Amino acid sequence: MPNTLTIDERMERWEKQYKEAHACNCPHCGYDLTTESEDMVNIVTYWGEDGRVEEHCNHCGKDFWVEEHVDRTWTTFKTEDEEEDDGF
């Protein structure tokens, strides 16, 4: 069966999936902790090495566990001088 979604519908679906995959929501009330930086200060580390961290939801007042996962990617580029030397 062919995909009948419009481009806008596909983009909305992708955006929703991306937000869900990158969100840190309270499991009790669904509040997105990533909307306020002060909510994230205790759970964001450099390498994600702290394991489970107990967090308190400032929205509903309940406690829960958060486990951070870190995935890094890099992109490298030649310097402008090197690109000019290559004829680009």
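Applying the selection to the range 31-44, what residues are surrounded by 12 or more Cβ atoms within 10 Å (Cβ to Cβ), assigned to a loop (DSSP other than H, G, I, E, B) and without any contact (Cβ under 8 Å) to a residue 24 or more places away in the chain?
Just the residues of the range 31-44 that are surrounded by 12 or more Cβ atoms within 10 Å (Cβ to Cβ), to begin with: 31-34, 36, 39-40, 42-44.
Then keep just the ones that are assigned to a loop (DSSP other than H, G, I, E, B); that gives 31, 36, 42-44.
Residues satisfying the conditions are GLU36, ASN42.
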Scanning the range 56-73 for residues that are of a type outside the set (Lys, Arg), assigned to a loop (DSSP other than H, G, I, E, B) and at pLDDT below 90, the one farthest from THR35 (Cα to Cα) turns out to be THR73
Determine which member of the set VAL41, VAL53 is over 13 Å from HIS22 (Cα atoms), over 16 Å from the mean Cα position of the chain (by Cα) and of a type outside the set (Ser, Thr, Tyr). VAL53
Mind listing whichever residues of the range 66-82 are of a type in the set (Phe, Trp, Tyr) and surrounded by 11 or more Cβ atoms within 10 Å (Cβ to Cβ)? none
Pick from the range 1-30, criterion hydroxyl-bearing (Ser, Thr, Tyr) and in a loop (DSSP other than H, G, I, E, B), ranking: nearest to TRP65 (Cα to Cα): THR6
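The values are calculated or read from the model by the stated rules, or taken from the named source; none is laboratory data. These numbers come from a predicted model, not from an experiment. Cβ: placed from backbone, ideal geometry, glycine included. Neighbour counts: every protein chain shown.
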